[in-house]
Amino acid sequence: MTLQVPGRRELATVDDTRALGEEIAGLLSAGDVVVLDGPLGAGKTALTTGIAAGLGVRGRVTSPTFVIARRHAPATPGGPGLVHVDAYRLLGQDPDGEQPTRRDLADELESLDLDSALERDVVVVEWGAGFVESLVEAPLIVTLHREDEGDVRSAAWHRDGGPAAPAVP
């Protein structure tokens, strides 16, 4: 069964989050951008781990917070690789500090050379909502939510420019 876009799903466990990532991978090919949005602990890296498994890329997927971007080569020749980007540090997370402009963010993204990655890879960007969407015409936007009480998570996804997914609570 092919994953429907837009869509929404409850994710009771981390394994459910990874499984959704594997399903999302079935929608992707080289040149696609996936933007992951949601608070800390919502499951962005777990979802990316599932996407990596579904794409069949090499290497263990971990949060690229300190390196900003990490490339995972395809396990089979001709398949897409995965570039996993954590834009958290690009966003100037100090609420009392000066916030970057859209131009600043665009310059930071340009320095990552994601355009060349798009020729052969799928790019998954954590914390990229609001500025990464300009990289491609119709990125897949995945919004993750975690309940304040407990570990229950949910995800909603849609293609930017397409119909919106049902709201995440």
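Any read-out appearing in this document is the output of simple, stated calculations on the displayed coordinates, not a laboratory observation. Just so it is clear, the model here is predicted, and its values are computed rather than measured. Cβ: placed from backbone, ideal geometry, glycine included. Neighbour counts: every protein chain shown.
See the values below:
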| read-out | value |
| --- | --- |
| Summed side-chain charge close to PRO139 - residues other than PRO139 whose Cβ falls under 10 Å, Lys, Arg +1, Asp, Glu -1 | -3 |
| Distance in nm between pseudo-label sites at ARG71 and LEU3 (7 Å out along the Cβ direction from Cα) | 2.4 |
| Estimated vicinal HN-Hα couplings, Hz - region 11-17 in sequence order (Karplus 6.51, -1.76, 1.60; Gly, Pro = x) | 10, 6, 9, 4, 4, 5, 5 |
| Amide H contacts under 5 Å for VAL122, placed H, 5+ residues apart | GLY31, GLY81, LEU82, VAL83 |
| Protection proxy ranking of 9-20, 69-80, 49-60 - average other beta-carbon atoms within 10 Å, highest first | 49-60, 9-20, 69-80 |
| Cα gyration tensor shape for region 1-76, rounded if a/c is under 1.5, else prolate or oblate | oblate |
